[in-house]
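These notes concern the structure reproduced below.
The values are calculated or read from the model by the stated rules, or taken from the named source; none is laboratory data. Because the structure is predicted, anything quoted here is derived from the model rather than measured. Because the Cβ atoms are built from the backbone with ideal geometry, glycine has one as well, and the counts that use them run over all protein chains shown. The protein model used for the area step is the full one, side chains on, heavy atoms only, and it has no ligands, DNA or RNA in it. Shrake-Rupley method; radii C 1.70, N 1.55, O 1.52, S 1.80 Å.
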Amino acid sequence: MLLLRCPLLLLLLPLSSRPQKLPTRDEELFQMQIRDKAFFHDSSVIPDGAEISSYLFRDTPKRYFFVVEEDNTPLAVTVTPCDAPLEWKLSVQELPEEASGEGSGDPEPLEQQKQQITNEDGTELISYKGNDVEYFVSSSSPSGLYQLDLLSTEKDTHFKVYATTTPESDQPYPELPYDPRIDVTSLGRTTVTLAWKPSPTASLLKQPIQYCIVINKEHNFKSLCAVEAKLSSDDAFMMAPKPGLDFSPFDFAHFGFPSDNNAGKERGFLKSPSKFGRQTSSKPRVDLHKVCIGNKNIFTVSDLKPDTQYYFDMFAVNTNTNMSTAYVGTFARTKEEAKQKTVELKDGKVTDVFIKRKGAKFLRFAPVSSHQKVTFSVHSCLDAVQIQVRRDGKLLLSQYVEGVRQFQLRGKAKAKYLIRLKGSKKGASMLKILATTRPNKQSFPSLPEDTRIKAFDKLRTCSSVTVAWLGTQERNKFCIYKREVDDNYNEEQKKREQNQCLGPDTRKKSEKVLCKYFHSQNIQKAVTTETIRGLQPGKSYLLDVYVIGHGGQSVKYQSKLVKTRKFC
């Protein structure tokens, strides 16, 4: 038996006075040809035991051939549509046995031989229309010329074809377990845990199998080929999660829909991408993600959106052949976000808010009188937080806040404002918020863009250091504090103490250096310096500057670590 490996074998069938058989498959030659991808590129011949990928233009049929030389030969043909349904038909016809010429034995003209083989339709074995992966399997096939006709009526599309005369020994596709379903074992607001039975190809035949999960919000996929056609970038495979990122006891992996800026930073996927990359400005982002997790058979998808339906597909991939088999996909809707108590904001009063890591808080502001404008002042104590403001259901504002920010919105009679505050992914968030309809009511002091404290190394002595910081055009009170720290005090420890909302009232009186008022109408000259004396030689000190507004609220500048000279 032979599946043709060169168009000349199809078109130049040798003719003689008696029937001739085509040569049997030369396995060494065949393997060499399979490795040479150019050998079958754009060919109408299907090789024996190798999967080919090709392309169909809409309403343009394509025909492939292969020859089975002996009767009672096992045969298996698999057709995999990718991004569009296919119409395809497999048929067989007898091979020509002798020449139609004068008995000279000379070859007939090329076109005449081709017509002699392909003019007849042959006997139809199977026909199919749809986008499922479909098979033709026969344990005893007749000899003859087999032809596979394919057509796409919807759009241009990719597809794959695999044919073999040794299906029992080849087994390139992973076998599915007796129960090929994906089970949803746990469901949360942002997580879904999936489990499935292992492929017998891995558990019994000990072949290298890895599992790839596909997550999207539209529909299930019937083949990995369809997934790859949907993805806009060619680097959509995620790497297996790194050790230490999974959760015991089931070795769950952490996975989520990455943001535009942070996609794949931890696990190297979607370099963009992500994963979730190649810049494709002309194509919209596809909300479809694929992650390959090795040979695990339980996985937790996290960072999903609450109250959202997701579709999950699982593919077993033979890493030797790179061919895959689809489990039966499933879908699940994440739980609704827990309804939280809404905090009422009072006009002109500062409210302290604490938010858990990745959590959110809701606040409500309902002015008692008509107003032209409403002002929201937010002071984020630690990392950046997101604020969203809706007026009677309409989104007016969505911003990330770091430090102190003020937002002024157009008012409306009898309007009610719903404020959603979303915390940081790094850790818990703390902030202060003030809402008011009085435009002159400003509780937080104004800050310069740069809140660093600069130390002058050349002015450093054994008992003093000189520092400077920026001010604003608004006259405010500045207080500077010092604290002696160990020599091994580092930037990481300093970062943990950067709660800007902790005011001077939390400091010891002995740490206070001085307080003074300062401002400048010329913003370029709004700089003040101060020399801190009475320090010990060779010691490290942490310096803090607090600016205190007219309403009594304070904001801390970035802490500065300094060290006096040991010898003078």
Exercise. Test LEU150 against the stated conditions and say whether it is open to solvent by less than 30 Å² (accessible area, probe 1.4 Å), more than 26 Å from ALA84 (Cβ to Cβ) and assigned to a strand (DSSP E or B).
Key: no
Quiz item: If you take the residues of the stretch 516-531 that are open to solvent by 50 Å² or more (accessible area, probe 1.4 Å) and not charged (D, E, K, R), which of them is farthest from the chain's Cα centre (by Cα)?
Solution: TYR517
Quiz item: Which condition does LYS373 not pass, out of (1) surrounded by fewer than 18 Cβ atoms within 10 Å (Cβ to Cβ); (2) under 19 Å from VAL555 (Cβ atoms), if it passes all the others?
Solution: (2)
Exercise. For the stretch 406-422, indicate whether the set of residues that are within 13 Å of CYS501 (Cβ to Cβ) and of a type outside the set (Lys, Arg) is non-empty.
Key: no
Quiz item: THR185: in a strand (DSSP E or B) and open to solvent by 50 Å² or more (accessible area, probe 1.4 Å), yes or no?
Solution: yes
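Rundown of residues vs (1) open to solvent by 60 Å² or more (accessible area, probe 1.4 Å); (2) assigned by the TED database to the domain that holds THR351; (3) at positive phi, yes/no style:
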site: VAL378; (1), (2), (3): no, yes, no
site: GLY403; (1), (2), (3): no, yes, yes
site: ARG410; (1), (2), (3): yes, yes, no
site: TYR417; (1), (2), (3): no, yes, no
site: LYS425; (1), (2), (3): yes, yes, no
site: LYS432; (1), (2), (3): no, yes, no
Quiz item: open to solvent by 80 Å² or more (accessible area, probe 1.4 Å) and farther than 28 Å from LYS346 by Cα, is that true of GLU449?
Solution: yes
Quiz item: Could you say which residue among PRO448, PRO439 is farther than 19 Å from THR342 by Cα, at pLDDT 85 or above and more than 27 Å from the chain's Cα centre (by Cα)?
Solution: PRO448
Exercise. With the checklist (1) buried (at least 20 other Cβ atoms within 10 Å of the Cβ); (2) modelled with pLDDT under 85 in hand, flag the one item ASP383 doesn't pass.
Key: (1)
Quiz item: Can you find even one residue in the stretch 160-181 that is among the charged types (D, E, K, R), closer than 17 Å to MET323 by Cα, within 24 Å of the chain's Cα centre (by Cα) and not in a loop (DSSP other than H, G, I, E, B)?
Solution: no
Exercise. Could you grab me the full set of residues in the stretch 195-208 that are out of contact with any Ser or Thr (no Cβ under 7 Å at 6 or more places or on another chain) and either open to solvent by less than 20 Å² (accessible area, probe 1.4 Å) or modelled with pLDDT of 90 or more (or both)?
Key: TRP196, LYS197, PRO198, SER199, PRO200, THR201
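This table checks each residue for (1) touching a strand residue (DSSP E or B) at 6+ places or on another chain (Cβ under 8 Å); (2) of a type outside the set (Gly, Ala, Ser).
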site: ASP505; (1), (2): no, yes
site: HIS519; (1), (2): yes, yes
site: ILE523; (1), (2): no, yes
site: THR531; (1), (2): yes, yes
site: GLY538; (1), (2): yes, no
site: VAL547; (1), (2): yes, yes
site: GLN553; (1), (2): yes, yes
site: THR564; (1), (2): yes, yes
Practice problem: Could you figure out which of (1) under 21 Å from LEU224 (Cβ atoms); (2) part of a loop (DSSP other than H, G, I, E, B); (3) open to solvent by 60 Å² or more (accessible area, probe 1.4 Å); (4) modelled with pLDDT of 85 or more isn't true of LYS335? | Solution: (1)
Quiz item: For the stretch 140-181, how many residues meet the condition of being aromatic (Phe, Trp, Tyr) and under 18 Å from LEU75 (Cβ atoms)?
Solution: 3
